[in-house]
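Bear in mind these aren't lab numbers, they're just calculated from the coordinates by the rules spelled out. As the structure is a computational prediction, the values presented were derived from the model and not from experiment. Don't worry about glycine lacking a Cβ; one is built from the backbone with ideal geometry, like all the others, and counts go over all protein chains shown.
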Amino acid sequence: MSTDDKIPAREITPPELYANRRTVMRGGIIAAGALATAWLYRKLNGVELATTESAPLAGLVTPSDPTFQVAAEALTAREQIINYNNFYEFTTNKDGVAKAAAGFTTDGWKITVDGLCNKPRVFDMDALRAISPPEERIYRMRCVEAWSMVIPWAGFSLSKLLSLVEPQGSAKYVAFETLHDVERMPGQSNDILEWPYREGLRMDEAMHPLTLLTTGLYGRELPPQDGAPVRMIIPWKYGFKGIKSIVRISLVATQPPTSWNMYAASEYGFFANVNPDHPHPRWSQATERRIGEGGRRKTLPFNGYGEQVASLYAGMDLHVHY
Ligand SMILES: Nc1nc2c(c(=O)[nH]1)N[C@H]1C(S)=C(S)[C@@H](COP(=O)(O)O)O[C@H]1N2
Ligand SMILES: [Mo]
């Protein structure tokens, strides 16, 4: 992988090619920030597609635990991942997020970690990256709107960050907040959601090793449309739990308010575990459309991660705690 590896080669990245690039990538250390983020567009059948560039991730490693790369299906092409997004801070048009977010810069980004912990701390991105090398984790992601992708995310378990700040015994939940800055996120002038976007996890969910504090995809830093510079991915939950562009992580005693639950509690639960047996009030969750493929797939309980996480919900009625 060289830094002059320009756009056309990865406009559409078939999984085989990507696998080769990964092998090359792992052969050596790549300097962070070697390539400035840049945005280019091309037209495909009259549709503008972004070919958003971002810097290669330094020191990407393969996780030692193979259960962190559990998705057996083909990867979704990078071009599709970065051109079909939900990010209401920019636009509610999934095909338009890439363009609407193109000018978003993350220089000087900071994340405050506070609340019920012994060592509250503000992390800049260098401090965050110093916690752990990014691990490449191939995870399924399933949107509540019944589409799905398989994405090579990069990051490390949120538990590593939380351990550093030493949560107190009274901390039962973790609350997350996205940047609130209407100048930089023009979609926030629309009050469809109450800003900032908020999400939350129960402490045991937050500490689960699959829960990924995510800084990259396809071996590169997150592009703006996917939540630069840092977002959550909780692969057994619906996509809306994967809050983007995080500026605050707080340890709290009670279940925190969360954006989609505030918007319509009967439709979007706090837990939001992928559950084919629990339909959304307006549509089934039994099947999904895998972006880039024809036909539909059966949706799996806990999005296929039941072996790892079902025990977290033992004894809970999943139709009550949807
Ligand atoms: N801050 C913020 N985070 C967000 C959203 C959003 O609108 N704002 N959309 C969510 C939804 S509904 C989904 S499906 C995923 C989409 O992530 P992706 O665009 O990287 O695929 O982001 C989630 N995180
Ligand atoms: Mo979603």
Relative contact order computed over the stretch 9-313 (Cα-Cα under 8 Å; 6+ residues apart), in percent: 18
What is the fewest-to-most order of D124, D317 by other Cβ atoms lying within 10 Å of their Cβ? D317, D124
What ranking, highest mean first, results for peptides 205-218, 259-272 when packing means the other Cβ atoms within 10 Å averaged over each residue? 205-218, 259-272
Across the stretch 9-313, how many lysine pairs separated by 8 or more positions, or lying on different chains, have Cα atoms within less than 16 Å? 5
Mind ranking 276-286, 227-237 by how tightly packed they are, going by the mean number of other C-beta atoms within 10 angstrom, highest first? 227-237, 276-286
As a test of the formula, what do you get for the chain when each DSSP H run with n ≥ 4 contributes -39,500 (n - 2.57) and the sum is divided by the residue count, at 222 nm and rounded to the nearest 500 deg cm²/dmol? -3000 deg cm²/dmol
May I ask which residue of L213, M125, T76 lies farthest towards the positive end of the charge dipole of the stretch 9-313, with charges of +1 (Lys, Arg) and -1 (Asp, Glu) on Cβ and the Cα centre as origin? T76
Restricting to bridges with both residues inside the chain, how much of the DSSP beta-bridge set is antiparallel, in percent to the nearest 5? 85
How would the stretch 9-313 be classified by its alpha-carbon gyration tensor: rounded, prolate or oblate, with rounded meaning a/c under 1.5 and the a/b versus b/c comparison settling the rest? rounded
With an 8 Å cut-off on Cα pairs and a minimum separation of 6 or more residues, tell me the relative contact order of the stretch 127-195 in percent. 22
